[in-house]
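> Take a look at the following structure, please.
Nothing in this text is a laboratory measurement; each read-out follows from the coordinates by a stated rule. These figures come from a predicted structure and were not determined experimentally. Methodologically, a virtual Cβ is constructed for each residue, glycine included, from the backbone with ideal geometry; neighbour enumeration extends over all protein chains shown.
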Amino acid sequence: MTSSATLPASAPSSAPAPLIRVLIVDDHPMVAQGIQSVLEDHDGIEVVGTLGNGRAVIEQLGTLNPDVILMDLNMPGMSGLTATELVIEQRPGTRVLILSMHDSPEYISSALSHGAMGYVLKDVPTEKIADAIEAVMRGEQYLCTGASGAIAPRNADVPGALTGREQTILLKLAQGLSNKEVAQTLDISVRTVETHRKNIKRKLGISSTAGLTRYALEHGMLQGTGIAL
């Protein structure tokens, strides 16, 4: 009779975590290349490209498919803030991490209000940028040393805390434009306008279009347009 032995079950192999796809956007090639060379040595990060302006980001967003974008603030053509808003509109799951030489609370607050999830100074040790990338990828807000004490925590639900794009759309709606007309004017989809409209109403605690118009009028947004209630 032949006896058989039962072999111990092999432990399930854990699949490696997917690489974080990072896009670097800076109009100074040496800065972008320096950051890229450091990040490429990081096991958990893949640099999918380097671009020199905000417009190129929007044009190549779908092709490069980044998880995290390192975005310079001051660039020719489209600024980093505008590009950040458009990225969040088109791909809400993409994290934007601002890279800047400016450490004032005003710059940091503006970046966060435009949808960025973090803010890092360019003069920090480059290895710290990898820490920031991993933090925002986990859904955490990351602020450079000293910034967290310089500003109030971001809270999108505070009434009146509208982004620049939301303010623009509010003005168009208050002027009587339909969702479709706003979409055509700003070259965005009607669905995007509808989403912004819902967010604006939620943030301001306003339920009607007349209420939005009154808010815009009371806050001087319709000054000079000839519109009054």
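> For segment 69-75, just list the computed ³J(HN,Hα) in residue order, Karplus coefficients 6.51, -1.76 and 1.60, θ = phi - 60°, integers in Hz, with x standing in for Gly and Pro.
With the stated coefficients, segment 69-75 comes to 10, 8, 10, 6, 7, 9, 9 Hz.
> Treat every Asp and Glu Cβ in segment 164-218 as -1 and every Lys and Arg Cβ as +1, leave all other atoms uncharged, and give the resulting dipole magnitude about the Cα centre to the nearest 20 debye.
For this selection, approximately 220 debye.
> A further question follows. Count charges around Thr168 for me, please; just the other residues with Cβ under 14 Å from its Cβ, Lys/Arg as +1, Asp/Glu as -1.
It works out to a net charge of -2.
> Here's a follow-up. Which order do Lys128, Lys172 fall in if you start with the one that has the fewest other Cβ atoms within 10 Å? Please list the in-between numbers first.
Details: Lys128 14, Lys172 19.
Ranking Lys128, Lys172 by Cβ neighbours within 10 Å, fewest first, gives Lys128, Lys172.
> If you plug each phi of segment 58-65 into the Karplus form 6.51 cos²θ - 1.76 cosθ + 1.60 with θ = phi - 60°, what whole-Hz ³J(HN,Hα) values come out, in order, with x for Gly and Pro?
After applying 6.51 cos²θ - 1.76 cosθ + 1.60, I find 5, 5, 10, 4, x, 6, 7, 6 Hz.
> Can you give the FRET efficiency to the nearest 0.05 for Met30 and Thr63, using r as the Cβ-Cβ distance and R₀ = 22 Å?
Using R0 = 22 Å, I get an efficiency of 0.35.
> Which value, in debye to the nearest 20, describes the size of the charge dipole of segment 25-110 about its Cα centre when Lys and Arg Cβ atoms bear +1, Asp and Glu Cβ atoms bear -1, and nothing else is charged?
Working: 3 positive and 13 negative charges, 49 e Å.
Computed about the Cα centre, the dipole is about 240 debye.
> Can you give me the long-range amide H partners of Tyr142? Hydrogens built in the peptide plane at 1.01 Å from N, cutoff under 5 Å, separation of 5 or more residues or another chain.
Under 5 Å from the amide H of Tyr142: Gly118, Tyr119.
> With the radius of gyration and the Kirkwood radius both derived from the Cα set of segment 164-218, what is their ratio Rg to Rh?
Ratio of gyration radius to Kirkwood radius: 0.92.
> Projecting each Cα onto the charge dipole of segment 164-218 (Lys/Arg +1, Asp/Glu -1 at the beta carbon, about the Cα centre), which of Ser207, Leu217, Leu171 comes out farthest on the positive side?
Ser207
> Please list, in chain and number order, the residues 5+ apart from Thr94 or on another chain whose amide H is under 5 Å from its amide H, with Hs placed from the backbone.
So Thr94 has HN proximity to no qualifying residue.
> Summing +1 for each Lys or Arg and -1 for each Asp or Glu, what net charge is found among the other residues whose Cβ lies under 12 Å from the Cβ of Ile35?
Taking every other residue near Ile35 into account, the sum is -3.
> Listing Asp41, Asp67, Asp72 from the residue with the fewest other Cβ atoms within 10 Å to the one with the most, what is the order?
By the 10 Å Cβ count, ascending, the order reads Asp41, Asp67, Asp72.
> Cα to Cα, under 26 Å, and not fewer than 8 places away if on the same chain: which lysines meet these conditions relative to Lys201?
Here the lysines satisfying the reach criterion relative to Lys201 are Lys172, Lys180.
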